[in-house]
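The structure under discussion appears below in the form of structure tokens.
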Number of protein chains: 2
Amino acid sequence: MMVDTDRFLADLHALRRFGAFRTGVHRPTFSEVDMEARRWFVGRLREEGLEAGIDGVGNILGRGRGEGPRLLAGSHLESQNEAGWLDGALGCVAALHLAASGLPVDVAVFADEEGHYGSFIGSRSFTGLLEEAEIDRLANRYHGKPLRDALREAGLEGEPRFQVERDRYRAFLEMHIEQGRQLEGQGLGIGVVTGIVAIWQWRIVIEGAQNHAGTTTMAERRDAGLAAVRLLAAIDEEFPRHCGERTVWTTGRIALTPGAPSIIPGRAEVLFQYRDVDVDVLRRLEAVLRRLVAESNRRERTVATLEAMSLSTPAVSDPALQEALAGAAEALAPGRWQRMPSGAGHDAQYLARVMPAAMLFVPSIGGVSHHWTEDTADEDLALGMRVLAEGARRVLAD
Amino acid sequence: MMVDTDRFLADLHALRRFGAFRTGVHRPTFSEVDMEARRWFVGRLREEGLEAGIDGVGNILGRGRGEGPRLLAGSHLESQNEAGWLDGALGCVAALHLAASGLPVDVAVFADEEGHYGSFIGSRSFTGLLEEAEIDRLANRYHGKPLRDALREAGLEGEPRFQVERDRYRAFLEMHIEQGRQLEGQGLGIGVVTGIVAIWQWRIVIEGAQNHAGTTTMAERRDAGLAAVRLLAAIDEEFPRHCGERTVWTTGRIALTPGAPSIIPGRAEVLFQYRDVDVDVLRRLEAVLRRLVAESNRRERTVATLEAMSLSTPAVSDPALQEALAGAAEALAPGRWQRMPSGAGHDAQYLARVMPAAMLFVPSIGGVSHHWTEDTADEDLALGMRVLAEGARRVLAD
């Protein structure tokens, strides 16, 4: 029962041809090339002896035969626009080759992890967290096509949606590129994921008074943009005193209204988020943020309000699964692996709600992700495949 | 030779009907209502005995008969979108009533001071500072119509452009609403303008590295948005130590690229300006700004560059004209006037290049400007008209 890493790499490169864009791929969810890739993948599952199909939301499930303890493994097949060839494809092909090696593993491909239409609609559908009403409502975020239309054009309309059989599986495993440069920076080959960080995303709105930039004295102003700058500078100063070791925080957008050179902004809207695996850290930072907003409202002649856009829950990897993967990593790459959190979201975070779940990372060259230059060395891909297979074997042997 | 303030107010209210919008007007340059207003104004000039017409760029000139010393007075007729009824209309109707009162005054209406198509195209054309090539190039900033098309549709194509006869005039006078709340706040009725501030407008571009907001550690980041926030916070701290008494500075726009919640901004673009009547102050603040940008580039892992978008020259009011207007104000409103700079730009700044020029301000209720709620009390309008007429009489008598 040995995994064939040459065939694994050959399948990865075969998949790369669907929507090839420079050295990456352009394979948006439910585009023609994405559906071709899905059908090709179903064909490969069947060649390996699995019973496979595509469901009403684009998910693929490949079921193996036989009794006894069984795992589920997988990831997603579509890509961001003009993005990397590995990303989710890696975890799908790795799952295929777990099954191909003879391990009792079912293979799942979750649709639209990349969010062209919604937020994790594939893994949420599979775990019972996606209502029909949400499918009715969703549309493509780039070109606006309703999800229902896309599903009909893809020939998926009316198909039932696969639902997870919890009792069938001992655990879920997902292999993925790191999407950062922690592994590469330390010369490591494998990351055993301790958990997937939660993202707490906030909208900060500051209301001031729009006015003429020439005739309004500094003392008279109620400048919403300036109040935003002062608040963000205070966050920059305070957060390092309260954050965790791996916390990250980001201001992705600052929009001033009306945004003209000679008009004092009457309104500022800021998108601000932080991420951590530890709920205590997330709560502590929320308290700091609320205090800084309150201080702004005492100090400034503007009114700042804080709105939680989404406060997700960290998905902690199952400790026994982590141990199995860590043991496999130490056996196959002694001293060349570490435990680390995932700073990005993955389908595994939804699977973790219904069964033990864990993830394995391989290095990203230069930390590049969501760009066509994304890449990982073949030997790192092969090592990841072997560690995943050995980890799966250990989980099943427990 | 007395100015009739009742007729002056009646004409102001008559003009208010062209493009009436709530209590203000919507009279964009070369719109149908704007052209109707211009033709109505030419008619009024002719009724008062002036020889009047509209030129190839929309300017109106009303010329009186007779020998001897003569003044030019005026302002602009179009409005910002959904803006106030007075603004430029006030100075035009005031100029009309200087002539109507029998004073040797020519009346000028300068097209598009509000910048729907360009920057002061009317007063720049009149003073010889507008090339045909610029007219070819300009288009409406809101709907993109080329200026040439707008001029043709307005029936002005091919008309010659009026050029100022410098020897004909002793001085230029412009009456305008203050557009701020300095006069109202101090209970004053008249502002004698000492000069029009210069605007030094800068574009600050910060280049960092766009990256994933979850997988990139704080230490690895080159966050252009954060560098912009720190630079703007430093400006907020430093400028009060170096500015003049009436300096104002404004950040009107902050644009982060790509502007998504989960992506570290790779680029920030900031529009920043300051205004003062004193060139020494403007130069001192430029030195402070350049120092802060250099400090940012030493401190941050991003690269900030500073680009001067426009560095205008302050237009100082002619001292003798200021004296004449100040004498008139003290005679008609003893203790209820002050000298003050204009924080906004006006046609007078271009006229000041070819002849002595000065301006008179009346209060703006609540400081409101460029909004349909803009207003001034009738008694303040009438007082302004009387002071302007008495000032004109004194200038001509010198």
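Structural remarks
- Selected residue [over 27 Å from B:GLY144 (Cβ atoms) and among the hydroxyl-bearing types (Ser, Thr, Tyr)] from B:SER31, B:SER79, B:SER101: B:SER101
- Qualifying residue in the range B:146-167 (condition: within 14 Å of another protein chain (Cβ to nearest Cβ) and either among the small types (Gly, Ala, Ser) or at negative phi (or both)): no
- Any hit, the range A:70-84, residues being crowded, with 24+ Cβ neighbours inside 10 Å and of a type in the set (Ser, Thr, Tyr): yes
- Flag if B:VAL368 is in contact with a strand residue (DSSP E or B) (Cβ under 7 Å, 6 or more places away or on another chain), in contact (Cβ under 8 Å) with a residue 12 or more places away in the chain and at negative phi: no
- Among the residues of the range A:338-395, those identified as over 18 Å from A:CYS92 (Cβ atoms), among the hydrophobic types (A, V, I, L, M, F, W, C) and in a loop (DSSP other than H, G, I, E, B) are A:ALA352, A:VAL354, A:MET355, A:VAL368, A:TRP372, A:ALA377.
- Test: residue in the range A:301-317 that is among the charged types (D, E, K, R), surrounded by 15 or more Cβ atoms within 10 Å (Cβ to Cβ) and touching a helix residue (DSSP H, G or I) at 6+ places or on another chain (Cβ under 9 Å): no
- Residues being more than 25 Å from the chain's Cα centre (by Cα) and aliphatic (A, V, I, L, M) - total across the range B:35-68: 1
- Number of positions in the range B:236-264 that are buried (at least 20 other Cβ atoms within 10 Å of the Cβ) and more than 7 Å from chain A (Cβ to nearest Cβ): 2
- The residues on offer are B:GLY208, B:GLY187, and the sole one that is under 30 Å from B:SER364 (Cβ atoms), modelled with pLDDT of 95 or more and among the small types (Gly, Ala, Ser) is B:GLY187.
- Cβ-Cβ contacts under 6 Å between residues 6 or more apart (or on different chains), taken from a first residue in the range B:296-320 that is under 25 Å from A:GLY214 (Cα atoms) to a second residue that is basic (Lys, Arg) and surrounded by 13 or more Cβ atoms within 10 Å (Cβ to Cβ), are listed as B:GLU307/B:ARG203; B:MET309/B:ARG203.
- Boolean, A:GLY158 is modelled with pLDDT under 95 and under 29 Å from A:GLY62 (Cα atoms): yes
- Taking the range B:216-235 as the range and being more than 7 Å from chain A (Cβ to nearest Cβ) and of a type in the set (Lys, Arg) as the test, the residues that pass are B:ARG221, B:ARG222.
- Residue match in the range A:170-187 (condition: surrounded by fewer than 22 Cβ atoms within 10 Å (Cβ to Cβ) and facing chain B (nearest Cβ under 10 Å)): yes
- The listed residue being modelled with pLDDT of 95 or more and in contact with a Leu (Cβ under 7 Å, 6 or more places away or on another chain), out of A:LEU147, A:LEU151, A:LEU130: A:LEU147
- None of B:ALA357, B:ALA329 is away from chain A (no Cβ under 14 Å) and farther than 20 Å from B:ASP87 by Cα except B:ALA329.
- Residues that are among the β-branched types (Val, Ile, Thr), over 23 Å from B:ALA255 (Cβ atoms) and over 29 Å from the mean Cα position of the chain (by Cα) do not occur anywhere in the range A:239-252.
- Restricting attention to the range A:204-215, the residues that are surrounded by fewer than 22 Cβ atoms within 10 Å (Cβ to Cβ) and either out of contact with any Ser or Thr (no Cβ under 9 Å at 6 or more places or on another chain) or more than 9 Å from every other protein chain (Cβ to nearest Cβ) (or both) add up to 3.
The values are calculated or read from the model by the stated rules, or taken from the named source; none is laboratory data. Owing to the predicted nature of the structure, the values given are computational and were not obtained by experimental measurement. Positions of Cβ are backbone-derived with ideal geometry, glycine not excepted, and every protein chain shown enters the neighbour counts.
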